[in-house]
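The values are calculated or read from the model by the stated rules, or taken from the named source; none is laboratory data. Here the structure is a predicted model, which is why all the values come from computation and not from measurement. Positions of Cβ are generated from backbone atoms using ideal geometry, with glycine treated the same way; all protein chains shown enter the neighbour counts. These accessible areas exclude ligands, DNA and RNA; they are computed on the full protein's heavy atoms, side chains included. Shrake-Rupley method; radii C 1.70, N 1.55, O 1.52, S 1.80 Å.
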Amino acid sequence: DGFEAFCNGDTQISDASRPIEDDEVQACQENGVEFIELPVALDALSVVVNSQNNFASDITLEQLRTLWEPDAEGQVTTWNQVNPQWPEQQINLYGPGTESGTFDYFTDEVVGEEGASRTDYQASEDDNVLVQGVSGDPNALGYFGLSYFLQNQQRLKALTVNGVAPSEETAQSGDYPLSRPLFIYVSTQALEETPSVEEFVSYYLENLNQFVEQAQYVPLNEQALQEARERFQNRTTGSSPEDALGA
């Protein structure tokens with residue numbers, strides 16, 4: 001929804017938890033919206049269970065696919081169907097709605113196709129609602145950004161994925177399988193026509209890591225941060241998320 005509004009020219013800056021897609025780039029071009037893509041932080045998408053769960057500690061990407069792929073709908077309903085060592089108890093799923101960038105990223109990385117997911121789960125665009133759901137349901141499993149787990153560690157348990165725990169260190173190193181960059185997209189027309197937009201983005205980038213730490217996301221390394229600032233100063237337009245992150 002955010003990209004739709006941005007590419008229609010309705011907003012001047014768009015936050016995004018995934019890179020802009022080709023069809024969205026085309027929509028921006030058709031509407032005369034030129035943009036600068038700025039990475040601003042990293043995230044480690046966390047797979048969480050209820051704090052009372054005493055049997056699940058690690059899950060693999062393959063097991064996540066078994067649980068979340070479209071064919072699992074109505075079929076994979078108990079914990080032991082995901083891992084035979086887990087009990088034959090009902091599993092209740094919680095996750096972002098289909099308009100969420102987190103949903104896009106997760107389905108692409110886990111299932112292998114963006115938007116491909118079972119639909120029989122408790123969905124919400126509000127991660128706080130997902131936190132409440134998982135923390136109140138002993139049979140729950142869900143996923144959302146690292147910050148929401150860190151803010152609720154006493155009520156939730158994060159699973160390691162392929163043996164790696166979600167953290168600032170594993171997100172920055174890329175070792176955590178569900179690490180992802182976060183972005184803002186800035187309209188060049190807004191920069192030219194509205195001085196306050198220029199002032200806002202400049203201030204934002206100058207104090208970026210302070211804001212990122214307050215929000216409990218993962219800061220960019222110094223190289224990636226400097227490259228983001230240079231993209232803005234040089235008015236480098238278009239999308240190249242890997243280059244922007246110093247990959």
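Details
- The listed residue being open to solvent by less than 50 Å² (accessible area, probe 1.4 Å) and outside any strand (DSSP E or B), out of Glu99, Glu24: Glu24
- Any chance Tyr105 is under 20 Å from Ala158 (Cα atoms), outside any loop (DSSP other than H, G, I, E, B), open to solvent by 10 Å² or more (accessible area, probe 1.4 Å) and modelled with pLDDT under 95: yes
- Selection status of Trp68, under 30 Å from Ala165 (Cβ atoms), buried (at least 21 other Cβ atoms within 10 Å of the Cβ) and under 18 Å from the mean Cα position of the chain (by Cα): yes
- Residue in region 86-94 that is open to solvent by 30 Å² or more (accessible area, probe 1.4 Å) and of a type in the set (D, E, K, R) present: yes
- Of all residue pairs spaced 6 or more apart or on separate chains, those with beta-carbon atoms under 9 Å, a first member in region 213-225 that is among the small types (Gly, Ala, Ser) and a second member that is assigned to a helix (DSSP H, G or I) are Ala215/Ser147; Ala224/Ala244.
- In region 44-86, the residues that are in a loop (DSSP other than H, G, I, E, B) and of a type in the set (D, E, K, R): Glu69, Glu73
- From the list Glu4, Glu34, the lone residue that is without any contact (Cβ under 8 Å) to a residue 24 or more places away in the chain and open to solvent by 50 Å² or more (accessible area, probe 1.4 Å) is Glu4.
- Yes/no for Ala41 being within 30 Å of Gln210 (Cβ to Cβ) and not in a helix (DSSP H, G or I): yes
- Elements of type strands (runs of 3 or more DSSP E) in region 117-219, at least 3 residues being buried (at least 21 other Cβ atoms within 10 Å of the Cβ) and touching a strand residue (DSSP E or B) at 6+ places or on another chain (Cβ under 9 Å): 140-144, 179-187
- Conditions (1) modelled with pLDDT of 95 or more; (2) open to solvent by 40 Å² or more (accessible area, probe 1.4 Å); (3) in contact with a helix residue (DSSP H, G or I) (Cβ under 7 Å, 6 or more places away or on another chain); number of the one not met by Val110: (2)
- Ala228 surrounded by 19 or more Cβ atoms within 10 Å (Cβ to Cβ) and of a type in the set (Gly, Ala, Ser): yes
- Every listed requirement among (1) closer than 29 Å to Glu4 by Cβ; (2) within 22 Å of the chain's Cα centre (by Cα); (3) open to solvent by 10 Å² or more (accessible area, probe 1.4 Å) is met by Thr237 save one, (2).
- Test for Arg18: is it in a helix (DSSP H, G or I), open to solvent by 20 Å² or more (accessible area, probe 1.4 Å) and not hydrophobic (A, V, I, L, M, F, W, C): no
- Selection status of Asn54, surrounded by fewer than 14 Cβ atoms within 10 Å (Cβ to Cβ), on the phi < 0 side of the Ramachandran plot and without any contact (Cβ under 8 Å) to a residue 60 or more places away in the chain: yes
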